[in-house]
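The values are calculated or read from the model by the stated rules, or taken from the named source; none is laboratory data. Model, not experiment: these values are computed from the prediction. Cβ sites come from the backbone with ideal geometry, for glycine too, and all protein chains shown count toward neighbours. Surface areas here come from the heavy atoms of the whole protein model, side chains and all, with no ligands, DNA or RNA. Shrake-Rupley method; radii C 1.70, N 1.55, O 1.52, S 1.80 Å.
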Amino acid sequence: DGLVVSEKVKSNNIDVKIPKSELEAEEKGAEEERPRESDSNILDLSSDYPRGKHISIQRHLADLEKLADLSEDERKPCPLCPEEKFKACYSHKLHRHLQNLHWKVSVEFEGYRMCICHLSCRPVKPNLVGDQTLSKMGAHYHCIICSATIVRRTDMIGHINRHVNKGETESRFSTVRAPKSSYKVVKESATDVQVLPNHSTPQKTDSYFNPKMKLNRQLIFCALAVLAGERKPIECLDAFGATGIMGLQWAKHLRSSVKVTINDCNENSVTMIKENCHLNKMKVKLNIGEEDNDETVGNGEENSDTIEVTKMDANVVMHLRSFDFIHLDPFGSSVNYLDSAFRNVRNLGIVSLTSTDISSLYAKAQHVALRHYGCNIVRTEYYKELAARTVIAAVTRAAARCNKGIEVLLAVALEHFVLVVVRVLRGPTPADDSAKKVRYLIHCQWCEERVFQKEGNMVEENPYQQLPCDCYGSMPGKTAVLLGPLWSGALFNTGFLRRMLLEAVQYGLDEAQSLLKTLVCEADCTTPKHFSTHGPGDENKQEECGVYIRTPNTSAESYLVHGKRKSEEVLRSTAKRQRPEHSAEHPPFYYNIHRHSIKGMNMPKLNKFLNYLSEAGYRVSRTHFDPMGVRTNAPLAQFKTVLMKYSTPTYVGAQAEGPVHLPGEIQVGEEVPAAPAIKVEEAELAEDDKPGVATAVFTQSYPTHCAAD
């Protein structure tokens, strides 16, 4: 047929039929390239050059000039450019070409220079122009570590840095662990762990360690310590070990009270976890799934200070075994592991999960939140609490599918993560009770008033009537949106938080102590002035999940014995004797005082404003979700009324401090049902609302306008 397949084009995975006449021209070009190939082979055998590297990778400019053989006074081609791009020339011109176009734009790594290459070694799709096949010659770099070809110099520098961060410095690309000289030891809570240089980038390392998550690890440790005080020993799982820092802290401080299992599906991470166990003088029981290998370091009892390390998928290990405490901390969302976590968790056990997909939870990527959590959310002033309730709603649905209910012990949403800790209640009745607390939220987009939708399946004719505000009647268009489904129950368990605070004090966890104090005040809905380590009512016992448990400051005994409850008669009598006086429902959500401030008025100090609301008869507290947030059961209209009453105008703020009473405040207060103490406030307003009082203030403040009038 007179047609053959060109090998050069076939190397690009493209088969093109070329006549024999063109093939002879290619053979001539191949003969011209043979001296270059022989030179590269000689260099590959030299002792000072890494074996198997491209000819564009050299140590010195003189080595690059040797490839061109500049010693002879003859026309020589460039070894890194094709004949079509740079024709053969004399030595002085070729020297300038190699120096300016190849050597100066090279990338340096460990004494070697990766020069730019213009040869046809990078796969490029041919451009078909008529009947001719033109091969496009693109400039590129050859990686000294792997066989990759990179076009841009900046991309090549980043490519080499990624190899260095992963510890890959071998001549050929292979997933090998970095030498121990590249490790660095990080110490946290008396626990040492080895990490790689890129330990803070989870997408590019096998050993992710984030120092900013120290507070998260302390809160989880306190929750586990409280559970360890209820029953011993407990089996706990760190499903995503990475460096193993969290499981090591559990085993090192709680000792024989816990049986720690650290799991990770990455082989390099499992090896690093084992080395970190040896670094902290802990015994290791390695379980790779097929066989068990025991390795012991140090002296001690058989079951003391032993950590089991498993190399499995997190879903698999939670399906195979039962645990009392499970912590999920994947990269991103944890919804893919909830079904497995609730499948085998024991009754009255604890499941904690850390979600770091804050872009979707904080309503920056609303479509992702709808895809992962099945929840419709928008950006609001209380977006952090909205994120926590979104995660708890997903946890509730996953637990209900396994005929289990939940009791929320702790919900924290900070800058980098959302932490949720729940206690598991086995049985269809708790599952139904928990599922009923997942409701939709009606949110007004004008004033940001919000209220959970009422229970029931009946469709209401006008759902806007459920909102306390009247924006629907006074504003045009549709003013409210339906968010959710969300968790509508309480976010905190006061008794559990108080015991967590005692554990934080016992183990010296300073960062967790300040946050736990705020959480206790928020759970009680009281100001820090009334804070105490014991709750109202009985100071020695706290209620959790309908079960009263003795706190550690009186006795180590507990009404929970190995996950089983006492008889129903004892529980009923105990609940009747020690039911707390403040059985009021925990107020959902909070208001930002800056968001609802009055223009041209100086707001009162936040702590003073909390006292004003409390004196008005409302429950009030600060919140960890927002440093300027106020959690209260007061309606938004009454919130604004109290804020207006105790705000001072900016123009007389330096002259006098005190409430400014404006006409019309009483009407706003009368429209909203308030606590009994508001009647006293209205009487005070009526006394102060005399003719000329407010007028005198405004007359002094606007002398120019008065003169003009």
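Numbers at a glance
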| item | result |
| --- | --- |
| Exclusive hit being within 18 Å of the chain's Cα centre (by Cα), closer than 27 Å to Leu224 by Cβ and part of a helix (DSSP H, G or I), set Ala369, Ala400, Ala394 | Ala394 |
| Residues satisfying the stated conditions in the stretch 472-498, i.e. open to solvent by less than 10 Å² (accessible area, probe 1.4 Å) and part of a helix (DSSP H, G or I) | Gly495, Phe496, Leu497 |
| Selection count, the stretch 228-244, where residues are open to solvent by 10 Å² or more (accessible area, probe 1.4 Å) and without any contact (Cβ under 8 Å) to a residue 60 or more places away in the chain | 3 |
| Odd one out for Arg389 among (1) in a helix (DSSP H, G or I); (2) among the charged types (D, E, K, R); (3) within 18 Å of the chain's Cα centre (by Cα); (4) surrounded by fewer than 18 Cβ atoms within 10 Å (Cβ to Cβ) | (4) |
| Complete set of residues in the stretch 613-639 that are part of a helix (DSSP H, G or I) and over 24 Å from Cys444 (Cβ atoms) | Ser614, Glu615 |
| Search result, residues across the stretch 359-380 that are in contact (Cβ under 8 Å) with a residue 60 or more places away in the chain and crowded, with 20+ Cβ neighbours inside 10 Å | Cys375, Ile377, Thr380 |
| Residue satisfying condition, being under 12 Å from Trp487 (Cβ atoms) and among the hydrophobic types (A, V, I, L, M, F, W, C), within set Ala393, Ala369, Ala398, Ala365 | Ala393 |
| Condition check for Phe331: part of a loop (DSSP other than H, G, I, E, B) and modelled with pLDDT of 85 or more | yes |
| Selected residue (only one of Pro627, Pro604, Pro659 is open to solvent by less than 30 Å² (accessible area, probe 1.4 Å), modelled with pLDDT of 50 or more and not polar (S, T, N, Q)) | Pro604 |
| Identity of the residue in the stretch 177-222, more than 28 Å from Val412 (Cα to Cα) and open to solvent by less than 50 Å² (accessible area, probe 1.4 Å), that ends up modelled with the lowest pLDDT | Ala178 |
| In the stretch 583-611, residue farthest from Arg389 (Cα to Cα) [restricted to those that are among the charged types (D, E, K, R) and in the same structural domain as Ala637 (by the TED database)] | Lys599 |
| Residue tally, condition open to solvent by less than 70 Å² (accessible area, probe 1.4 Å) and either assigned to a helix (DSSP H, G or I) or touching a residue at least 12 places away in the same chain (Cβ under 8 Å) (or both), over the stretch 415-461 | 28 |
| Pair list, Cβ under 7 Å, 6 or more apart: the stretch 462-486 residue within 27 Å of Thr396 (Cβ to Cβ), other residue in a strand (DSSP E or B) and among the basic types (Lys, Arg) | Gly484/Arg439; Pro485/Arg439; Leu486/Arg439 |
